[in-house]
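These notes concern the structure reproduced below.
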Amino acid sequence: MPHRLSKSRYTAGIQCHKLLWWKVHEPNAVELQPGKVLQDRFDQGAQVGALARDRFPGGVLVDLPHRAVDQRVKLTRKLIDDGTPAIFEASFLAANTFVAVDVLTPQDDGYHLTEVKSSTSQKEEHLPDAAVQVHVLQQSGLRITGVDVMHLSKDCHFPDLSNLFERTDVTEAVQPLLGKVGWEIDAQLQMLEGPLPDVAIGLHCHEPYECPFMARCWPKDRDHIMNLSGVGPKKGCDFLLTGVHRIGDLPAQQKLNITQKRQIRAMRENCLIVEPGLKQALEAFHGRIGFLDFETIQRAVPVWPGMGPWEQAPAQFSYHELQDDGSYAHDEFLAEGPKDCRPALVRHMLEATKHADTIATYSHFERTKIRALQKAVPELQPELEALEHKLIDLLPVVRENVYHPDFLGSFSLKYILHPLVPELTYDDLVIVDGLVASVEIAWLLFVAGK
């Protein structure tokens with residue numbers, strides 16, 4: 001049986017033929033099994049799609065199993081013939097490519113196609129998705145008079161969700177892509193009939209989405225150029241194109257920042273580098289010292305007063321304070337139930353931290369969230385401003401003064417902890433990823449018990 005494309009398969013093939021080949025030939029690959037974070041994104045995307053359908057009165061959903069392609073196509077034709085004002089998941093099959101249109105509505109002796117996205121803007125990567133749908137619908141005999149992307153609005157704030165969505169017209173933007181869709185479909189289908197294609201690594205491994213099969217293709221060498229501190233995917237891939245595959249391949253005249261020079265020195269000497277400036281940097285910590293860490297929730301559809309789509313809001317904190325005898329006192333807060341927890345969290349946090357003179361964080365994240373809390377809990381703004389003034393970010397202290405070869409170019413806590421403190425690891429933690437923690441907390445607050 002010949003292979004069949006879909007919207008998601010087509011866009012995967014646009015990014016990389018090897019990625020598409022693995023998706024089709026190894027659908028049960030461990031790399032394709034969604035973790036908790038990705039599954040949460042899928043679930044929130046489904047919620048956004050359902051809310052979008054409410055904006056089209058009289059619409060009918062093609063509510064059949066996704067694999068029931070023939071039945072879906074037949075029902076869609078019937079709904080078209082019946083003059084249905086809006087068809088959700090309108091299904092078409094042409095050129096051995098199946099698409100289900102989020103919203104199809106009659107317009108000017110033709111049809112208007114709406115693609116629903118849970119992002120807060122229309123993005124470049126949405127265009128191939130829309131283009132393949134237009135192509136298949138045109139091949140199916142429909143006249144397409146307009147295309148738009150319906151996405152979440154940055155101007156929406158809970159509790160008023162009346163402006164949750166914006167619509168961006170992409171009719172003209174899609175046109176230049178239509179001439180390429182047909183031959184790209186043919187190329188993908190032909191490629192799928194053969195062995196795994198040979199595709200060189202490059203920027204397409206990172207954009208528009210990070211490939212789940214990165215570990216299969218990319219070298220794991222400690223000195224690979226992508227492990228150069230601060231290099232990023234674009235600059236790193238530019239190095240690859242010039243033949244620089246390893247940090248040791250960098251030409252002598254290559255301009256490097258001071259952190260990169262420190263990294264290369266540490267790798268060359270294979271040892272920990274500690275700059276003399278560390279002593280002075282640590283002098284900022286004085287008196288009673290605390291350590292503060294937030295976990296947040298982040299929902300596509302805002303849930304608490306004043307929040308917008310995908311806005312992060314603290315729902316948990318953990319606080320340790322160094323005692324005179326060298327031990328640590330610990331305090332914490334975790335939201336319970338769907339009610340806005342921020343006022344209670346702020347009051348608890350202010351009480352827990354009131355004796356501290358300086359409070360260490362790692363990155364500016366806690367500072368930005370405390371500033372957001374000043375708006376969410378305005379009656380305690382002065383106290384939160386005072387707390388903010390106690391914060392000292394340890395990340396630049398480490399980045400500007402310390403490097404160990406096992407950092408692998410990163411200053412994330414997960415990379416620096418074990419090299420600096422070998423007896424400490426994340427191995428004994430049930431949840432080691434902040435994104436997973438966010439998803440778990442949101443599940444406890446908004447899903448569990450319903």
Exactly one of Ile264, Ile297 is in a strand (DSSP E or B) and either more than 18 Å from Leu413 (Cβ to Cβ) or of a type in the set (A, V, I, L, M, F, W, C) (or both), and that one is Ile297
When every residue in region 155-193 that is assigned to a helix (DSSP H, G or I) and acidic (Asp, Glu) is compared, the one surrounded by the most Cβ atoms within 10 Å (Cβ to Cβ) is Glu184
Result of the Cβ filter at 7 Å on region 200-221, keeping first residues that are surrounded by fewer than 16 Cβ atoms within 10 Å (Cβ to Cβ) and partners that are assigned to a loop (DSSP other than H, G, I, E, B), at least 6 apart or interchain, is Pro208/Glu125; Cys217/Ile201; Trp218/Ile201
Being under 30 Å from Ile392 (Cβ atoms), of a type outside the set (S, T, N, Q) and within 30 Å of the chain's Cα centre (by Cα) narrows Leu278, Leu228 down to just Leu228
For Pro27, the lone unmet condition from (1) exposed (fewer than 13 other Cβ atoms within 10 Å of the Cβ); (2) over 30 Å from Ala442 (Cα atoms) is (2)
If you go through Arg268, Arg288, the only one that is in contact (Cβ under 8 Å) with a residue 12 or more places away in the chain and basic (Lys, Arg) is Arg288
Matching residues in region 155-177 (touching a helix residue (DSSP H, G or I) at 6+ places or on another chain (Cβ under 7 Å) and not β-branched (Val, Ile, Thr)) number 4
Checking Gly337, Gly326 in turn, the sole residue that is touching a residue at least 60 places away in the same chain (Cβ under 8 Å) and assigned to a loop (DSSP other than H, G, I, E, B) turns out to be Gly337
Condition set modelled with pLDDT of 95 or more and charged (D, E, K, R), scope region 1-39, selection nearest to Leu137 (Cα to Cα): answer is Lys7
Based on this model, can you work out whether Asp357 counts as of a type in the set (D, E, K, R) and more than 17 Å from Gln374 (Cα to Cα)? yes
Note on Leu424: of the conditions (1) without any contact (Cβ under 8 Å) to a residue 40 or more places away in the chain; (2) hydrophobic (A, V, I, L, M, F, W, C); (3) assigned to a helix (DSSP H, G or I); (4) closer than 29 Å to Ile264 by Cβ, unmet is (3)
Counting only residues in region 357-375 that are surrounded by fewer than 20 Cβ atoms within 10 Å (Cβ to Cβ) and of a type in the set (Gly, Ala, Ser), the one farthest from Ile289 (Cα to Cα) is identified as Ala372
Exactly one of Pro208, Pro212 is part of a loop (DSSP other than H, G, I, E, B) and touching a Phe, Trp or Tyr at 6+ places or on another chain (Cβ under 9 Å), and that one is Pro212
Result of the Cβ filter at 8 Å on region 39-52, keeping first residues that are touching a residue at least 12 places away in the same chain (Cβ under 8 Å) and surrounded by 14 or more Cβ atoms within 10 Å (Cβ to Cβ) and partners that are of a type in the set (Val, Ile, Thr) and assigned to a helix (DSSP H, G or I), at least 6 apart or interchain, is Asp40/Val439
Region 67-154: strands (runs of 3 or more DSSP E) wholly inside it with 1 or more residues that are of a type in the set (S, T, N, Q) and touching a helix residue (DSSP H, G or I) at 6+ places or on another chain (Cβ under 6 Å) are 87-94, 97-107
Asp160 vs. criteria farther than 30 Å from Gln47 by Cα, outside the structural domain of Gly232 (by TED's automatic domain parsing) and not basic (Lys, Arg): no
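The values are calculated or read from the model by the stated rules, or taken from the named source; none is laboratory data. Fair warning: this is a prediction, and the values are worked out from it, not measured in the lab. Glycine gets a Cβ as well: all are built from the backbone with ideal geometry, and neighbour counts include every protein chain shown.
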